[in-house]
Amino acid sequence: MPSPVRVVGLGGSMRAGSTSLTALRTALDGAAAAAAQPTLLWVRELDLPMYSPERGIPPAARDFADSAYASDAMIWSTPTYHGSVSGSFKNALDWLILLAERDPPYLTNKPVGLVSTAGGVQGLQSVNSMDFIARALRGWSVPMVLPVAQSWQTFDPDGTLADEMVSAQLRELGAEVVRAARQFQAEGTCDYADAGQFPADGAVGRPAAGRPAAI
Ligand SMILES: Cc1cc2nc3c(=O)[nH]c(=O)nc-3n(C[C@H](O)[C@H](O)[C@H](O)COP(=O)(O)O)c2cc1C
């Protein structure tokens, strides 16, 4: 019996009654129904300080990075703020710089499911922003994404999800993330160090063995 796929969800809103958190919970329910072991992390509870390279590393940031690293897959869910992800969500992900020196680094070979909510119709922009971030962190964005538009219509004021179709889509996304993680487990992974064409990190300068970092 294979060990259950560990899926860590990250909710990116500081708001009580957050719609993106409800969306994340629903996607994690879908992951659990696909026999995964879900863990929900919420920026409001993580309470991470603003990332600064000059400050000490707070235990909360270390714990968050360790949880992300120990996962087999992640699901990210952010509110759309000014056409992109929320600052608190991006700040949490900035702390994953703590995974730069791990082997493999960052979120290598982890599928990442992407969900957003938006007051208008710009949620896909947040999803696309998350896609950029996931790839920068060596993660694999799952093709099925869910930007929930006009969240004020889809969720009740307390954040309850009223729309059965959106709920079903979110659960399906959660199950899809689990399927992707199982495929990675079954088929092995990409080893960039052997691939030759990818320096280990073009963004932060972590050199591959014997190779200069690309700047
Ligand atoms: C600072 C701020 C910026 C926002 N910018 C946008 C935006 O650019 N496009 C949009 O469709 N909705 C925007 N919204 C609306 C939120 O995306 C929407 O209310 C979302 O569902 C909030 O997620 P939450 O309930 O998880 O906090 C913005 C809301 C705030 C507070």
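Just a few scattered comments:
- Yes/no for P147 being assigned to a loop (DSSP other than H, G, I, E, B) and of a type outside the set (S, T, N, Q): no
- Residue in region 156-164 that is at pLDDT 95 or above, away from the ligand (no atom under 16 Å from the Cβ), touching a strand residue (DSSP E or B) at 6+ places or on another chain (Cβ under 9 Å) and more than 18 Å from G9 (Cβ to Cβ) present: no
- Among the residues of region 104-144, the ones that are within 16 Å of the ligand (Cβ to nearest atom), assigned to a loop (DSSP other than H, G, I, E, B) and not small (G, A, S) come to 2 in all.
- Scan of region 59-84 for residues that are within 12 Å of the ligand (Cβ to nearest atom) and either modelled with pLDDT under 95 or buried (at least 24 other Cβ atoms within 10 Å of the Cβ) (or both), ordered by number: S77, T78, P79, T80
- Of all residues making up region 144-178, the number that are surrounded by fewer than 16 Cβ atoms within 10 Å (Cβ to Cβ) and without any contact (Cβ under 8 Å) to a residue 24 or more places away in the chain: 7
- Test set (1) modelled with pLDDT of 95 or more; (2) within 28 Å of Q169 (Cα to Cα); (3) touching a helix residue (DSSP H, G or I) at 6+ places or on another chain (Cβ under 8 Å) - M130 fails condition number: (3)
- Qualifying residue in region 179-199 (condition: over 19 Å from the mean Cα position of the chain (by Cα), at pLDDT below 95, surrounded by 17 or more Cβ atoms within 10 Å (Cβ to Cβ) and part of a helix (DSSP H, G or I)): yes
- Identity of the residue in region 1-39, surrounded by fewer than 16 Cβ atoms within 10 Å (Cβ to Cβ), farther than 22 Å from Q150 by Cα and aliphatic (A, V, I, L, M), that ends up farthest from the ligand (Cβ to nearest atom): M1
- In region 1-28, the residues that are small (G, A, S) and farther than 18 Å from P79 by Cα: S3
The values are calculated or read from the model by the stated rules, or taken from the named source; none is laboratory data. Note that the structure is predicted; figures quoted are calculated from it, not measured. Cβ coordinates were reconstructed from backbone atoms using ideal geometry, including for glycine residues, and neighbour counts include every protein chain displayed.
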